[in-house]
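Report on one structure; see the data block that follows.
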Amino acid sequence: MITSPILEIRNLTKRYRSLTAVNDVSFSVHQGEILGLIGPNGSGKTTLFECLGGTLPADSGSVLLNGQPLSGTERKSVLFYLPDAITPWPAQSLRWALEFCLGLFDGRSDLRDEVVRRLDLAALLDQRMVALSKGQRKRALLAIGLLMPQPLLVADEPFEGLDLRQTREIALALRSFAGEKRTMLLSIHQISDAARVCDRFVLLSAGRVCGEGTLRELSNLAGERKGRTSFNADLEEVFLALT
């Protein structure tokens, strides 16, 4: 059940000289949900996540918890940012990486065995991080993210480069941890993947938010903009109608 916002993003903007990559973006993340940030490549998803994670300074805007602004340092106690396409500690084994993160960040040791089982990592624990395939590395990184103590996991493109079977397996695993165990904000450019795993959606196009809500809420918004009393369509059609 979706409850109150765990985080609010208000009027966030990031410019690169004449290019505005993120333009006055506002939305909220609710406790226990999986919120999908949906948009094509180049829409500003990664830039927005880097600003939220504190690895890139925003030009304006704020991130709030319970109505109070959070500094970059304070955000680290609330959210864990998991970038795409990284290979941390390449010479170390996956087992070492998990144990190191649990110890260094005082992670959720109680979830370790469940995370390893759900993400099908038991057979990979003694392999070096650099030796993992792209799909295996995705699962390994998500395991690290799920074991972190912060209540909000912010993951950039968790399904990028995965085949259909791998995507479905990871989607099911993420759904099993949503709710009391974890809140998630995921950036996803494949709309079919987002529809499979997310509770609500933020639609991003050219750095701007074009809609936020459940599929039904977004469908209603699309219907209003098209002058229809109803607009029963899948997420792809709704996205096209609103962007």
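Each value in this text was obtained by applying a stated rule to the coordinates, not by laboratory testing. Remember, predicted model here, so these are calculated numbers, not experimental data. Please note: Cβ atoms are built from the backbone with ideal geometry, for glycine as well, and neighbour counts cover all protein chains shown.
Brief remarks follow.
- Annotation: aspartates and glutamates with alpha-carbon distance below 16 angstrom to K14 (same-chain offsets under eight excluded): D24, E50, D59.
- Charge tally for G179 (other residues, Cβ to Cβ under 15 Å; Lys, Arg +1; Asp, Glu -1): +2.
- Ellipsoid equivalent to the range 100-201 - semi-axes via the Cα gyration tensor, in Å: 21, 18, 11
- From its DSSP helices (H runs of at least four residues, each -39,500 (n - 2.57)), the chain gives a residue-normalised ellipticity at 222 nm of -10000 deg cm²/dmol.
- Among beta bridges identified by DSSP and lying wholly in the chain, the antiparallel ones come to about 55 percent.
- Rounded to the nearest 10 degrees, the inclination of helix 164-177 to the longest alpha-carbon principal axis of the chain is 90 degrees.
- Comparing Q127, Q150, Q136 in a Gaussian network model of the chain, where Cα atoms under 10 Å apart are tied by springs, the biggest mean-square fluctuation is seen for Q127.
- In the range 1-91, the convex hull through the Cα atoms has an average projected area of 7.5 nm², a quarter of its surface area.
- Out-of-range pairs (alpha-carbon distance over 31 Å; input K45/K134; K134/K181; K45/K76; K76/K226): K76/K226
- Charges were assigned to the Cβ only: +1 to each Lys and Arg, -1 to each Asp and Glu. The resulting dipole of the range 5-242 about its Cα centre is roughly 220 debye.
- Whole-number percent relative contact order across the chain, with pairs defined as alpha carbons under 8 Å at least 6 apart: 26
- Globularity index of the range 5-242, i.e. its alpha-carbon radius of gyration over 2.2 N^0.38 Å: 1.02
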